[in-house]
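Right, one structure below, let's go through it.
The values are calculated or read from the model by the stated rules, or taken from the named source; none is laboratory data. Keep in mind that what you see is a predicted model, and the values were worked out from it rather than measured. FYI the Cβ positions are ideal-geometry reconstructions off the backbone, even for glycines, and counts take in every protein chain you see. Heavy atoms of the whole protein, side chains included, go into the accessibility calculation; ligands, DNA and RNA do not. Shrake-Rupley method; radii C 1.70, N 1.55, O 1.52, S 1.80 Å.
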Amino acid sequence: MWKFLHPYANPETTYHFTNKLLPWLTALAALFLSIGLVWALLFAPADYQQGDSFRIFYVHVPAASLSMGIYVSMAIAALCSLVWQLKLADASAAAMAPVGAAFTAIALITGAAWGKPMWGTWWIWDARLTSELILLFLYLGVIALHNAFEDKNLAGKAAGILTLVGVINIPIIKYSVDWWNTLHQGSTVSKLGKPSMSLDMLWPFIFCFIGFALLAGVIICLRFRNEILARNSIRPWVRQLVEKQLA
Amino acid sequence: MTLKAQSQQMTEQPIDKANTDRVKQLSYRRAFMLVLKRDLTIAMRHKDDIINPLLFFVIIITLFPLGIGPEAQTLSRIAPGIIWVAALLATLLSLDRLFKSDHLDGSLEQMLLSPHPIFVLVLAKIFAHWLITGLPLILIAPLLAVLLHLDENSYTALLLTLLLGTPVLSLLGAVGVALTVGIKKGGVLLSLLVLPLYIPVLIFATSAIDTAALGLPYSGQLAIIAALFFGSLTLAPFAVGAAIKVSTN
């Protein structure tokens, strides 16, 4: 069943696969983001209570969900690398960490900007804000551990263990913080079947969300390619590639 | 004692069949006790390793009234938080010792090579670390609680949360130390890795103490800390073992 994946254990095959994948991802990301953002910022109706300032939601929520989603994908990659010793899984985890950290930071900053007009303050020690901040710390820890090792393979393994410990801790941290203090509004989108927002607002959100997810995919793909090249820089195929580029 | 323990371990390398059979007689419990005894003996010979984190704990707690002001009401309100944050920092400070010297003199590698699962040996080392740092902290905490005018109802809660919580700190911290033991400047990195993982313990412990001060039942918080304790007791040694294998590569 998993046989189709086997060729991609080879860095060269994977590199060429990302080469083919990248233009598609980029085009789709550009399409979805431009439709979604224009729709969301210009045409979606303003909120009856929050006015136009709710539109930051179209950036804030995708960034927040991606920040968690990327951590989980990082943990899956780390598990694959620890269990099956896949070196490329390490490379992909390394590629994902800074992107996830950036999305976490975006979620925090847009959240602060949204909180100022709505709650009257930039920062509140509210459960979701706090757990997002802690998620940022976890990301930064993984990145710092990655940079601390000279040997990339060791760095990948160490960061992988930390990621897995973190992923067990994330729900615990989340619930403990939830329990500690809650002010943030409840989930509006993920109530399946009966979202508590009108469809005129939901559709642009779906476009934005897919757009941002694709954007994350593009950036991760680019970083992943660089990781592959950096880790295989002594291989002949990389040399050939470089010579072709230079010629 | 340490030399003896080490040399015993050296001779117990599985060189031939007869030797492995003899090694098998060393049960997990005996292996656990050996490592525990060895670590405690080493700690007893470097007493300042025990005393310094404790002093650090005491000094941090004395700094807070100086910084915030001596009003008993304010102090008793923030006492649980201060004591617990100081306990986190004191544990963090002492963590470095857990694997560092063993890594430098090579006995950590010997432990990996020994026929016993690294789980047992690591658990013994963590238990020793808790006996050396966590236990003194618990013993001195009531005294500091008096200094901070902690509410009288909260003393039992403080001791119980420390009793269940400090082992979690040692267990989770061991994962961080095992990851950073091979790195030259691991100290600062260690705090970045470990402190976010300590947050749930901090939240539930201080909340239990606060609830106790109001005279309400705090068994729920205590149960969650106990769950954290047993969860990390079963999972953390595996992570530590894997991390040591990476670090001693």
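Results, tabulated for the structure shown:
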| quantity | calculated |
| --- | --- |
| B:LEU193 vs. criteria open to solvent by 20 Å² or more (accessible area, probe 1.4 Å), assigned to a helix (DSSP H, G or I), of a type outside the set (Lys, Arg) and within 9 Å of another protein chain (Cβ to nearest Cβ) | no |
| Region A:3-28 residues that are of a type in the set (Gly, Ala, Ser), paired with ones that are surrounded by 11 or more Cβ atoms within 10 Å (Cβ to Cβ) (beta carbon under 8 Å, 6 or more apart) | A:ALA9/A:LEU86; A:ALA9/A:LEU88 |
| B:THR211 vs. criteria within 19 Å of B:ALA87 (Cα to Cα) and in a helix (DSSP H, G or I) | no |
| Single residue of region A:95-110 satisfying the filter (open to solvent by less than 10 Å² (accessible area, probe 1.4 Å) and over 10 Å from the mean Cα position of the chain (by Cα)) that is farthest from A:ILE56 (Cα to Cα) | A:ALA95 |
| A:ALA46 being more than 19 Å from A:LEU129 (Cα to Cα) and at pLDDT below 85 | yes |
| Selection status of A:ALA155, open to solvent by less than 40 Å² (accessible area, probe 1.4 Å) and within 10 Å of chain B (Cβ to nearest Cβ) | yes |
| Leading residue by the ranking (nearest to the chain's Cα centre (by Cα)) among those in region B:237-249 that are under 17 Å from A:ALA78 (Cα atoms) and within 8 Å of another protein chain (Cβ to nearest Cβ) | B:ALA239 |
| Hey, B:ASN153 in a helix (DSSP H, G or I), at pLDDT below 90 and more than 20 Å from the chain's Cα centre (by Cα) or not | yes |
| Flag for B:LEU172 being open to solvent by 10 Å² or more (accessible area, probe 1.4 Å), within 14 Å of chain A (Cβ to nearest Cβ) and under 13 Å from the mean Cα position of the chain (by Cα) | yes |
| Region A:35-58, residues that are open to solvent by 60 Å² or more (accessible area, probe 1.4 Å) and either touching a residue at least 24 places away in the same chain (Cβ under 8 Å) or in contact with a Lys or Arg (Cβ under 7 Å, 6 or more places away or on another chain) (or both) | A:ILE35, A:TRP39, A:LEU41, A:PHE43 |
| Members of region A:158-185 that are among the polar types (S, T, N, Q) and either at the interface with chain B (Cβ under 9 Å from one of its Cβ atoms) or surrounded by fewer than 19 Cβ atoms within 10 Å (Cβ to Cβ) (or both) | A:ASN169, A:SER176, A:ASN181, A:THR182, A:GLN185 |
| Subset of region A:124-152 that is under 28 Å from B:LYS184 (Cβ atoms) and among the small types (Gly, Ala, Ser) - its residue that is least open to solvent (accessible area, probe 1.4 Å) | A:GLY141 |
| Single residue of B:THR211, B:THR206, B:THR180 found to be at the interface with chain A (Cβ under 10 Å from one of its Cβ atoms), of a type in the set (Ser, Thr, Tyr) and in contact with a Phe, Trp or Tyr (Cβ under 7 Å, 6 or more places away or on another chain) | B:THR206 |
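Yes or no, residue by residue, for (1) without any contact (Cβ under 8 Å) to a residue 12 or more places away in the chain; (2) farther than 23 Å from B:ALA236 by Cβ; (3) part of a helix (DSSP H, G or I); (4) hydroxyl-bearing (Ser, Thr, Tyr):
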{"site": "A:ARG128", "(1), (2), (3), (4)": "no, yes, yes, no"}
{"site": "A:SER131", "(1), (2), (3), (4)": "no, no, yes, yes"}
{"site": "A:ASN153", "(1), (2), (3), (4)": "no, yes, yes, no"}
{"site": "A:GLY156", "(1), (2), (3), (4)": "no, no, yes, no"}
{"site": "A:LEU162", "(1), (2), (3), (4)": "no, no, yes, no"}
{"site": "A:ILE172", "(1), (2), (3), (4)": "yes, no, yes, no"}
